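Everything below concerns the one structure shown next.
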Amino acid sequence: MLPNRASANSLSAPIRSSGGFRDSLDDKSKASVVQIKGMFSVTSENLDHVKGSPLRKSTSVGDWLLDSKQASTITAVTKSQKGRYHTSGLILVFMAEPISLPLQERISLKSNTRRVLSLTILFLFFSLLYFRICSLKEHGVTWLLAFLCESWFTFLWAINVSSNWNPVEYKTYPDRLLKRFQDLPPLDIFVTTADPVLEPPILTVNTVLSLLALDYPPNKLACYVSDDSASPITFYSLSESIKLAKLWIPYCKKYNVQVRAPFLYFSVHEPDSTSHPSSPEFVEEWKHMKTEYETLTKKVEEAVQNFTPLDLTGELATFSNATSENHPSIVKIIWENKEDFEDRVPHLIYVSREKQPTHPHHFKAGAMNVLTRVSGVMTNAPFMLNVDCDMFANNPNIVLHAMCLLLGHEKERDSAFVQCPQLFYGGLKDDPFGNQMVVWQGYLLHGVAGIQGPNYTGTGCFHRRKSIYGLSPDDVELGKNVNLDVAAKLDEETLRARFGYSMELTKSATQLIYEETAKSDFPDDLLGTLEASTEVANCSYEFNTQWGTKVGWVYGSATEDILTGQRIHAMGWSTVYCTPDPVPFLGCAPSAGPVIMVQQKRWATGLLEILFSKRNPIVACILGDLWFRQCFAYLWMNLWGLASIPELCYSILPAYSLLTDTPFMPKVSETATLVAAPLFILYNVYVMSEFLGCGLSINAWWNNRRMSMITATTGRLFGVLAIVIKLAGLSETVFEVTPKEQNATDDHNVDPDPGRFTFNDSPMFVPGTALVMVNIVALAMGLVSFKSLVWINHSGSGLLEIMCSTWVLVSFLPYVKGLYRKAIKHHKELQRRASSQDYGVGVTSQLECQRESDRIATKADLEQSLKDAVEHFKALATKKIARELKQQLEAITAAGRLLPDQPPATAPPDSAVTSLALDPEAAIHVGVSVFPIDVDETTEVVEEDRLPVEASKDLK
């Protein structure tokens, strides 16, 4: 559409719309009519807008006319002497085409109130630092430590203000995309899994099924699943899932199902015929689909429980000698889509890269690079989507939303990748572990989206293959002007040094880089690419190439996503944040204390690896094209782990002050209190407003607040120690996979307190435990020696130190509760072991009697053996032990009631008796009746009629 600005009757100004003829039209026509009155011109500025509009240039030079089907007036536009095109004052009316409407819209989210509040907090931080400096000589080490910690907090807050100054969001128009592009571009989808135990195959199957059922042409989708463990169970599960996919995809598109992960759909939805009144068979189809999914789930679970239930022949023969750390390259086409129908199943390819103990495999980054090469050889789509195995598609139109952002910008440099938020399903109420990151994605990522774009978070991201191949925006623009025949003649050694020795890969990369329009369809035969695909998945393929440095995902950090996104930004690309409704993807968040600490440690280690390397954001800003404020945003993330040291130090200061009677906070009577108190209040109010703005509760804010302090003394602190050990050359980083589980609405086996903080034997919990103990002792001493008149001239610790120590303990309250539960459990375990040792001799004698009773031929002999056993226990046992042994003798009593008069056919083996001796609790649960033991006068006597008559008399 022609520009809608400037004035009419101007020879060279762009065109504006006006009234007149428009007012005589009905309302429906007015919405799509543009009226141009007076003289107008087509200059170099608006020439691009004329292209593609109803205004067309005729064969005669200088003549422009309107399409008669879309215009009520046809006129000639003649060329003036100045080289501009103009009319003689005729009225032009033409219909606006959808092609001229934008595919996306950038919307500012800035808030003046938030800006003022953030600047006020920053001013209070500087005021507190000024007070510290002015009184530094009058105080000791605690004052200096407080000044250093507060300086760190001030720096981080300044970065936060810069990153959140111009938040933006993007609105997309998928309906316009479908009208503008008759032939949508292909998309390669990457799903990564590394361990079938920590990442159950049924979880991967659900993710794959949700992606295959996306609302996008099936012949434009290809799904690649990377299995780093080369598990035959994972391959078997994916192969079996195709049978369900053939039914699931048509079902989803027929009934417009929104939740396309079967496990969640069938757990939260009940068949409701009222939602499809015109389709009475809906309920039957729903039940049939649920039955099919349950059948698939049963097959997968049985395979997992039996581990290797399959005959490793045929398609599975490749896995016969494979282990998770040593196996060849495996590329298998599970399903190839050869039919162009709307409800068909897209391509599904299984990939397991070669692994050898002597070759580095670079964790997830290495797997992503293998998927990039394999897909480049097989389908070579210009765009790629990568998700973790637990992140299923929650919005079936997400690909259309992403394409609006990838294709809707005038220049490719504005959309290197489209990042979606990483949100979670089935999360615990109020986020008790503080790991759902709702506020971080709701505010920080919107903030950096207003600078150079959001960082890459590792999942739920649509990539432009050109940016992954290491091209800068300038290279892309240059490649459009290079003829493909000329590009094919480029230095072959240069291409090999960049992409490797595979001719198929270098050819596909050359086509993608230098062709102005990428291929719109996948190859007709994927089987012909298997040999080349297997070759590029070898562990030695990357030697002497730029993979992992300038091409693909970048190596050298456990957080390869942050490092790769930073490299893309440093090359001059910008990125986009996509937040449609409903949310695009949902995953599962860790829900246990030890698991969360491991995850936090890995993140902290990876971010610090970036900070202490040549690829840190400061170097990228100086030597690359990383924007200055974007550099600040990356610094904030890289310093996240290192911030645990000043946070831990600041948490110790209150206890240290109370124990040594030295202040680290101003007195209540000093004017500096008017700085510290408002700073504390405003900061927490600001953060709380962010949680409330994201639709969360105050409890969620408090849980995240206290968990940030807990992780600072556990996972993040040990991440810092891990990087120190690595920099010292004593150890290398170990990538620890976060365990994942499929959570759904299920009333069975519900944990009554799922948000409780649990512990294990990891040393990560030692610093937090020590901090809690120190603060408890310090607070007790402070309260004992605290002077009630806080305004008197006292140079030591005072009220504010006591309040700060109390704040620390309240923040660590879930930690304290977890420690208490751990101590109680440990105490009970010690008691059980001690009891087992006390009656160990008795148990051994009982088991000997049990073995002897198994050899008894008649019931009468058994009764005599029971009498002997009781007399033996009376000599050895105390009252307490005897009561415990009553339950242990149930096995003998039960045998007495159930044995026939003839000898038993078989007797239990000696190994069974030995196992009972090693596990007294197992012996307790063998019997089913109570045996009375007459140890002393206070011992209970139970019903005698449950025993044989003769045995009862003898026992009395």
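The values are calculated or read from the model by the stated rules, or taken from the named source; none is laboratory data. From a predicted model like this one, the values you see are computed outputs, not experimental measurements. When we count neighbours, we look across all protein chains shown, and the Cβ atoms used for this are built from the backbone with ideal geometry, even at glycine. Calculation scope for accessible area: heavy atoms of the full protein, side chains included, ligands and nucleic acids excluded. Shrake-Rupley method; radii C 1.70, N 1.55, O 1.52, S 1.80 Å.
Across the range 480-518, the qualifying residues are those that are closer than 25 Å to Leu348 by Cβ and over 32 Å from the mean Cα position of the chain (by Cα), and the one among them that is modelled with the lowest pLDDT is Gln511. Just wondering, is there one or more residues in the range 688-697 that are buried (at least 20 other Cβ atoms within 10 Å of the Cβ) and part of a loop (DSSP other than H, G, I, E, B)? Scanning the range 688-697, I find at least one residue that is buried (at least 20 other Cβ atoms within 10 Å of the Cβ) and part of a loop (DSSP other than H, G, I, E, B), so the answer is yes. Of everything listed in (1) in contact with an Asp or Glu (Cβ under 9 Å, 6 or more places away or on another chain); (2) at pLDDT 95 or above; (3) of a type in the set (A, V, I, L, M, F, W, C), the single unmet condition for Trp547 is (1). Among the residues of the range 144-197, those that are assigned to a helix (DSSP H, G or I) and acidic (Asp, Glu) comprise Glu150, Asp175.
Looking only at residues in the range 608-631 that are in contact with a helix residue (DSSP H, G or I) (Cβ under 8 Å, 6 or more places away or on another chain) and under 17 Å from Glu732 (Cβ atoms), the one that is surrounded by the fewest Cβ atoms within 10 Å (Cβ to Cβ) is Phe612.
Just give me the residues in the range 273-288 being modelled with pLDDT under 70 and either in contact with a Cys (Cβ under 7 Å, 6 or more places away or on another chain) or open to solvent by 70 Å² or more (accessible area, probe 1.4 Å) (or both), in sequence order.
Start the filter on the range 273-288 by keeping residues that are modelled with pLDDT under 70, which leaves 273-278.
Once the filter is applied, which keeps residues that are modelled with pLDDT under 70 and either in contact with a Cys (Cβ under 7 Å, 6 or more places away or on another chain) or open to solvent by 70 Å² or more (accessible area, probe 1.4 Å) (or both), the range 273-288 yields Thr274, Pro277, Ser278.
Only one of the numbered conditions (1) outside any loop (DSSP other than H, G, I, E, B); (2) at pLDDT below 95; (3) crowded, with 20+ Cβ neighbours inside 10 Å; (4) not hydroxyl-bearing (Ser, Thr, Tyr) is not met by Phe522, and that is (1).
Val439 fulfils the conditions (1) surrounded by fewer than 24 Cβ atoms within 10 Å (Cβ to Cβ); (2) farther than 30 Å from Phe812 by Cα except for a single criterion, (2).
Specify which of the listed residues (Ile610, Ile596) is at pLDDT below 90, within 24 Å of the chain's Cα centre (by Cα), closer than 29 Å to Phe462 by Cβ and not assigned by the TED database to the domain that holds Phe263. If you could, list the steps in order and put the result at the bottom.
Working: Ile610 fails: at pLDDT below 90.
Among Ile610, Ile596, only Ile596 is at pLDDT below 90, within 24 Å of the chain's Cα centre (by Cα), closer than 29 Å to Phe462 by Cβ and not assigned by the TED database to the domain that holds Phe263.
Is it the case that the range 203-214 has a residue that's open to solvent by 10 Å² or more (accessible area, probe 1.4 Å) and either assigned by the TED database to the domain that holds Trp248 or touching a strand residue (DSSP E or B) at 6+ places or on another chain (Cβ under 9 Å) (or both)? Scanning the range 203-214 turns up no residue that is open to solvent by 10 Å² or more (accessible area, probe 1.4 Å) and either assigned by the TED database to the domain that holds Trp248 or touching a strand residue (DSSP E or B) at 6+ places or on another chain (Cβ under 9 Å) (or both). Applying the criterion of being open to solvent by less than 20 Å² (accessible area, probe 1.4 Å) and more than 28 Å from Ile249 (Cα to Cα) to the residues of the range 332-366, the residue that is nearest to the chain's Cα centre (by Cα) is Ala365.
Mind listing whichever residues of the range 258-272 are aliphatic (A, V, I, L, M) and open to solvent by 10 Å² or more (accessible area, probe 1.4 Å)? Can you show your working first?
Within the range 258-272, the subset aliphatic (A, V, I, L, M) is 259, 261, 264, 268.
Within the range 258-272, Val259, Leu264, Val268 meet the criteria.
Among the residues making up the range 424-439, a single one is more than 17 Å from Glu690 (Cα to Cα) and outside any loop (DSSP other than H, G, I, E, B): Phe424.
Is there a residue being at pLDDT below 50, in a helix (DSSP H, G or I) and crowded, with 16+ Cβ neighbours inside 10 Å anywhere in the range 48-60? Yes, that holds for at least one residue.
Considering each of Gly719, Gly641 in turn, give the residue that is at pLDDT 90 or above, assigned to a loop (DSSP other than H, G, I, E, B) and of a type outside the set (Ser, Thr, Tyr).
Testing whether each residue is at pLDDT 90 or above, assigned to a loop (DSSP other than H, G, I, E, B) and of a type outside the set (Ser, Thr, Tyr) leaves just Gly641.
Determine whether the range 699-716 contains at least one residue that is touching a helix residue (DSSP H, G or I) at 6+ places or on another chain (Cβ under 6 Å), within 18 Å of Arg115 (Cα to Cα), open to solvent by less than 20 Å² (accessible area, probe 1.4 Å) and in a helix (DSSP H, G or I).
Taking the range 699-716 as the starting set, the residues that turn out to be touching a helix residue (DSSP H, G or I) at 6+ places or on another chain (Cβ under 6 Å) are 700-701, 706, 709-716.
Still in the list and also within 18 Å of Arg115 (Cα to Cα): none.
No, the conditions are met nowhere in the range 699-716.
Of the numbered criteria (1) of a type in the set (S, T, N, Q); (2) open to solvent by 20 Å² or more (accessible area, probe 1.4 Å); (3) modelled with pLDDT of 90 or more; (4) more than 27 Å from Tyr173 (Cα to Cα), the one Ser557 fails is (2).
Take the conditions (1) open to solvent by less than 90 Å² (accessible area, probe 1.4 Å); (2) at pLDDT below 85; His748 misses just one of them, which is (1).
Is it the case that the range 666-674 has a residue that's assigned to a helix (DSSP H, G or I) and either among the hydrophobic types (A, V, I, L, M, F, W, C) or surrounded by fewer than 19 Cβ atoms within 10 Å (Cβ to Cβ) (or both)? Within the range 666-674, one or more residues are assigned to a helix (DSSP H, G or I) and either among the hydrophobic types (A, V, I, L, M, F, W, C) or surrounded by fewer than 19 Cβ atoms within 10 Å (Cβ to Cβ) (or both).
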